[in-house]
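Colleague: Below are the structure tokens for one structure; questions will follow.
The values are calculated or read from the model by the stated rules, or taken from the named source; none is laboratory data. It should be emphasised that the depicted structure is a prediction, and the values quoted were computed from it without experimental measurement. Neighbour counts are summed over all protein chains in view; Cβ atoms, including those assigned to glycine, are modelled from backbone coordinates with ideal geometry.
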Amino acid sequence: MSDAPLPERGPLLATPLPDKAVTLRRVEDISVAAGSITPPLLDPELILFQIIEGAHPFQDPSADPSLATCTVPLGATTASYDAAVRLVRDFVQSGSADRRRLKATLARQVRTEEFLAAIDYPVAAADQGTLAVRAFGGPSPWGEPGCRMLQVVTTAGQPVGAAADGQTRLASAVRLTVRFDPQTVAEYRLLGHEATSTVGLLDVPVEVNLRPGQTSVGLFELRLKSSSRDPVGWATLTWYDREAEFHQLRQPIGRLQFASTFAESALPLQVAVLVAETAELLRGSPFAQRPHSSLKAVRQMAEQVDPAWQEEPSFAAFVSFLETALQAGLR
């Protein structure tokens, strides 16, 4: 896997902050959507970036120990994906010409994590009675040279024996964190789960219950340093089983888990990147404002996904949604 030199990143905000300390004191706390997190941002400029742009900024894990670890909320709903499908379908069927209103509504409602949750990823199930965490990496087809995508997947196995009590929960208080090695990772950002405020620096509850067979994904964009150091980081999953016994699973994430090309990347990662880019475009993410980023480009890349998986219901439905969005004139 090649490590191209990392280009210098310009200022996040067009107008630099004249007095960051004063600016930080003036930012007011506002509501936090369920399933969002407020990362421990230390720079007022980054705090304003998240509030103004509605997206997690890139974090430097070497800036402070608190920045090296990111909590990944699990079990997101598909509410905004389902709503977007209906909204775009109704727009096309009605023959409406008010595309500006459609785009504005999508920008307000779309949440990337709920788009990611709408796909049934081809990931091996966990063993009976337990959970598993798997990681897939590869180059970003959209970002700057040297950018990588990392998908962390949590899966729940089937219960051991018959559930005579009718209980559907396999694990409770499930929590996933990813810690990045500051000597390996230059920057990272979590896609989705954006909080509308970062002033309190307090996460909303991110521990969830998982049912048998349930899958949850987290997606990161990151930039690796030009070195051969390993690992990239560690994924840690903790939970209580049905007998209230505590479990912890810690898995390293290495460079060998990152494919050399996007086409060679694991199928779950390819699909997740296409779905996430669609959501980022619809919600107007600043990270999707690139000349080569478009729904048409996503649709073309979807055609290159493994033909054996093209008919998988959730992916086929996603492709159908893409085609309807293009028919509606969305770009």
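Colleague: How many residues does the stretch 276-292 contain that are assigned to a loop (DSSP other than H, G, I, E, B) and crowded, with 19+ Cβ neighbours inside 10 Å?
Modeller: 2
Colleague: Inspect all residues belonging to the stretch 110-131 and state whether any of them is free of Cβ contacts under 8 Å to residues at least 40 places away in the same chain and surrounded by 14 or more Cβ atoms within 10 Å (Cβ to Cβ).
Modeller: There is at least one residue in the stretch 110-131 that is free of Cβ contacts under 8 Å to residues at least 40 places away in the same chain and surrounded by 14 or more Cβ atoms within 10 Å (Cβ to Cβ).
Colleague: Only one of (1) part of a strand (DSSP E or B); (2) among the hydroxyl-bearing types (Ser, Thr, Tyr); (3) at pLDDT below 85 fails for THR71. Which number is that?
Modeller: (3)
Colleague: Considering only residues that are crowded, with 24+ Cβ neighbours inside 10 Å and of a type in the set (Ser, Thr, Tyr), look in the stretch 178-210 and name the one that is modelled with the lowest pLDDT.
Modeller: THR198
Colleague: Mind checking which strands (runs of 3 or more DSSP E) fall wholly inside the stretch 211-265 and carry at least 2 residues that are at pLDDT below 90, out of contact with any helix residue (DSSP H, G or I) (no Cβ under 9 Å at 6 or more places or on another chain) and within 25 Å of ALA76 (Cα to Cα)?
Modeller: It comes to none.
Colleague: Criterion first (at pLDDT below 95, outside any strand (DSSP E or B) and surrounded by 13 or more Cβ atoms within 10 Å (Cβ to Cβ)) does GLY161 satisfy it?
Modeller: Taking the combined requirement at face value, the residue does not satisfy it.
Colleague: Among what's in the stretch 76-86 and is buried (at least 18 other Cβ atoms within 10 Å of the Cβ) and of a type outside the set (Val, Ile, Thr), pick the residue that is nearest to ALA171 (Cα to Cα).
Modeller: Filtering first and then ranking leaves ALA76.
Colleague: So, one more: Of all residues in the stretch 37-66, which are over 23 Å from GLY233 (Cβ atoms) and β-branched (Val, Ile, Thr)?
Modeller: ILE47, ILE51, ILE52
Colleague: Could I ask something else about it? Look through ARG299, ARG290, ARG250 and report the one residue that is of a type in the set (Lys, Arg) and touching a Ser or Thr at 6+ places or on another chain (Cβ under 7 Å).
Modeller: Exactly one of ARG299, ARG290, ARG250 is of a type in the set (Lys, Arg) and touching a Ser or Thr at 6+ places or on another chain (Cβ under 7 Å), namely ARG250.
Colleague: Oh, and also: State which residue is nearest to ARG331 (Cα to Cα) when the search covers only the stretch 83-140 and only residues that are in a helix (DSSP H, G or I) and among the hydroxyl-bearing types (Ser, Thr, Tyr).
Modeller: THR105
Colleague: Yes or no: the stretch 144-151 includes at least one residue that is of a type in the set (A, V, I, L, M, F, W, C), under 26 Å from VAL185 (Cα atoms) and either at pLDDT below 95 or surrounded by fewer than 17 Cβ atoms within 10 Å (Cβ to Cβ) (or both).
Modeller: yes
Per-residue answers, yes or no, for (1) touching a strand residue (DSSP E or B) at 6+ places or on another chain (Cβ under 7 Å); (2) farther than 30 Å from GLN109 by Cβ:
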{"position": "TRP234", "(1), (2)": "yes, yes"}
{"position": "LEU249", "(1), (2)": "yes, yes"}
{"position": "PRO252", "(1), (2)": "yes, yes"}
{"position": "LEU269", "(1), (2)": "yes, no"}
{"position": "VAL275", "(1), (2)": "no, no"}
{"position": "ALA279", "(1), (2)": "no, no"}
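Colleague: Can GLN151 be described as outside any helix (DSSP H, G or I), touching a helix residue (DSSP H, G or I) at 6+ places or on another chain (Cβ under 9 Å) and either without any contact (Cβ under 8 Å) to a residue 12 or more places away in the chain or not hydrophobic (A, V, I, L, M, F, W, C) (or both)?
Modeller: Yes.
Colleague: While we're on this one: Here's a check for you: in the stretch 216-249, which residue that is buried (at least 20 other Cβ atoms within 10 Å of the Cβ) and among the β-branched types (Val, Ile, Thr) is nearest to the chain's Cα centre (by Cα)?
Modeller: VAL217
Colleague: Another question about this same structure. Within the stretch 110-124, is even one residue within 23 Å of GLN248 (Cβ to Cβ) and of a type outside the set (D, E, K, R)?
Modeller: Checking the stretch 110-124: at least one residue is within 23 Å of GLN248 (Cβ to Cβ) and of a type outside the set (D, E, K, R).
Colleague: If only one of ASP43, ASP60, ASP19, ASP64 is of a type in the set (Asp, Glu) and at pLDDT below 70, which one is it?
Modeller: Unique residue meeting the criteria: ASP19.
Colleague: With the checklist (1) small (Gly, Ala, Ser); (2) touching a Phe, Trp or Tyr at 6+ places or on another chain (Cβ under 9 Å); (3) assigned to a strand (DSSP E or B) in hand, flag the one item GLY143 doesn't pass.
Modeller: Looking at each condition in turn, GLY143 falls short on (3).
Colleague: Still on this structure, please answer the following. Test THR324 against the stated conditions and say whether it is in contact with a Lys or Arg (Cβ under 7 Å, 6 or more places away or on another chain) and either modelled with pLDDT of 95 or more or surrounded by fewer than 16 Cβ atoms within 10 Å (Cβ to Cβ) (or both).
Modeller: Yes, satisfied.
Colleague: I want to confirm something. Restricting to the stretch 302-318 and keeping residues that are buried (at least 17 other Cβ atoms within 10 Å of the Cβ) and not small (Gly, Ala, Ser), which single residue is farthest from ALA83 (Cα to Cα)?
Modeller: The qualifying residue farthest from ALA83 (Cα to Cα) is VAL305.
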